[in-house]
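As structure tokens, the structure follows; a few thoughts come after it.
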Amino acid sequence: MMKKNKLKLILGVLFFSTILFSCGDPAENMNKTMADFSEKCLEEEYDCDCYAKKVKEHFKTDDAYMKYYENNDEVPDELISTLCKSCSKNKEDTIWCP
């Protein structure tokens, strides 16, 4: 009986340790600046120079960018639409832009 409890305890500790350490800090994955965001441009889908330019035009400053993402966890719809319509390499896909 004591062996079963020890085994359960050890497995429980290992399980929760794995969960805690594998998830990481969400802030680590966040883009700290507009440049960080722009670096994630998919070259096969977008003109990345255009992409970076449109992101900068939309937010104007890194402060404005950070203030937006303090309260929101998604890319603004207007920016998605602009990137899709202006920077997409596949112009046929732009008919599906929001």
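A few points about this structure:
- Residues that are part of a helix (DSSP H, G or I) and surrounded by 12 or more Cβ atoms within 10 Å (Cβ to Cβ) within the range 43-54 comprise 48, 50, 51, 52, 53, 54, listed in sequence order.
- Residue within the range 31-43 that is modelled with pLDDT of 90 or more and farther than 22 Å from residue 96 by Cβ present: no
- Residue tally, condition touching a residue at least 24 places away in the same chain (Cβ under 8 Å) and farther than 11 Å from residue 34 by Cβ, over the range 49-72: 1
- So residue 7, is it hydrophobic (A, V, I, L, M, F, W, C), open to solvent by 70 Å² or more (accessible area, probe 1.4 Å) and at pLDDT below 85: yes
- Among (1) closer than 16 Å to residue 35 by Cα; (2) in a helix (DSSP H, G or I); (3) within 16 Å of the chain's Cα centre (by Cα) - the single one residue 75 does not satisfy: (2)
- Test result for residue 85, assigned to a helix (DSSP H, G or I) and under 18 Å from the mean Cα position of the chain (by Cα): no
- Residue list for the range 87-98, filter: touching a Lys or Arg at 6+ places or on another chain (Cβ under 6 Å) and either open to solvent by 100 Å² or more (accessible area, probe 1.4 Å) or of a type in the set (S, T, N, Q) (or both): 94
- Selection within the range 55-75: residues that are farther than 19 Å from residue 41 by Cβ and of a type in the set (Asp, Glu). The member of this set that is least open to solvent (accessible area, probe 1.4 Å) is 63.
The values are calculated or read from the model by the stated rules, or taken from the named source; none is laboratory data. All of these numbers come straight from a predicted model, not from anything done at the bench. Every residue, glycine among them, receives a Cβ derived from its backbone with ideal geometry; neighbour counts consider all protein chains shown. Note: areas computed on protein heavy atoms with side chains; ligands, DNA, RNA excluded. Shrake-Rupley method; radii C 1.70, N 1.55, O 1.52, S 1.80 Å.
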